[in-house]
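Single-structure report; data block below.
The values are calculated or read from the model by the stated rules, or taken from the named source; none is laboratory data. Predicted model only: the values in this text are computed from it and were never measured. Positions of Cβ are generated from backbone atoms using ideal geometry, with glycine treated the same way; all protein chains shown enter the neighbour counts. SASA here: full protein model, heavy atoms, side chains in, ligands and nucleic acids out. Shrake-Rupley method; radii C 1.70, N 1.55, O 1.52, S 1.80 Å.
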Amino acid sequence: MTTRIVLIDDHKLFREGVKRILDFETSFEVVAEGDDGSSALQLIDDYMPDVVLMDINMPSMNGVEATAEITKKYPDLKVIILSIHDDENYVTHALKTGAQGYLLKEMDSDALIEAIKVVGEGGSYLHPKVTHNLVAEYRRLSENKGSSAYRTIEYRKPLHLLTRRECEVLQLLADGNSNRGVAESLYISEKTVKNHVSNILQKMNVNDRTQAVVTAIKNGWVEVI
């Protein structure tokens, strides 16, 4: 099945670059483009896409405001925010309005394609750097609150659940690495990394890598510095 995409960004050159990447993916179709939040609302009414790629900083109506309006009217529509901001406040605000994904504009093409596929299938996707920042903030807040339950969690590799290699991959995901970064760190192919990630998600009974990292943090299965 083809994933129909509406692309919203006020920078034409960036928009053209993203569209060029998506055009190489035969299962994707960019059905419309816009340059602000207001045009996004109209384009969605006209084209009824599956996924919206939404810039966060735009004139007239920004991406977060537009996402709130869109998800209120079309709760099943999937929105992925595109942003230059990796601050957790931006991320949590965007997610609270209904976005299912958050990508930094420094992303590579593989991350963009993976995010659309994951979100299109009902999962959530955060840029690896964003994931790392969020879980680090979660740990900091938990420690500041003096949570005895949190302090008693000791770091231990989940060898009862994952292989040693899968534990290494999980740690690198928590460190904020993309699939390419994991591959380079372990001297393996990206295809092998994707296979390991799929096995990790299945064994941990989670839908996406973000949930896997958060679950691992809560259980003390990875170290977060």
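Exactly one residue out of VAL30, VAL52, VAL6 is touching a Phe, Trp or Tyr at 6+ places or on another chain (Cβ under 7 Å) and part of a strand (DSSP E or B), and it is VAL6. Taking the criterion of being closer than 15 Å to LEU126 by Cβ, outside any helix (DSSP H, G or I) and modelled with pLDDT of 85 or more, the only residue of the range 189-225 that qualifies is VAL206. For first residues located in the range 86-102 and modelled with pLDDT of 80 or more, partners that are of a type in the set (S, T, N, Q) and lie 6+ apart or on another chain with Cβ distances below 6 Å form the pairs ASP86/ASN133; THR97/THR67; GLY98/THR67; GLY98/THR71; ALA99/THR67; GLN100/SER124. Selection within the range 173-188: residues that are surrounded by 15 or more Cβ atoms within 10 Å (Cβ to Cβ) and in a loop (DSSP other than H, G, I, E, B). The member of this set that is modelled with the highest pLDDT is ILE188. The number of residues in the range 55-76 being part of a loop (DSSP other than H, G, I, E, B), open to solvent by 10 Å² or more (accessible area, probe 1.4 Å) and either within 11 Å of ASP10 (Cβ to Cβ) or in contact with a Ser or Thr (Cβ under 7 Å, 6 or more places away or on another chain) (or both) comes to 6.
Residues in the range 26-35: is at least one farther than 20 Å from LEU77 by Cα, at pLDDT 90 or above and open to solvent by less than 50 Å² (accessible area, probe 1.4 Å)? Checked against the condition, which is being farther than 20 Å from LEU77 by Cα, at pLDDT 90 or above and open to solvent by less than 50 Å² (accessible area, probe 1.4 Å), the range 26-35 yields no hits at all.
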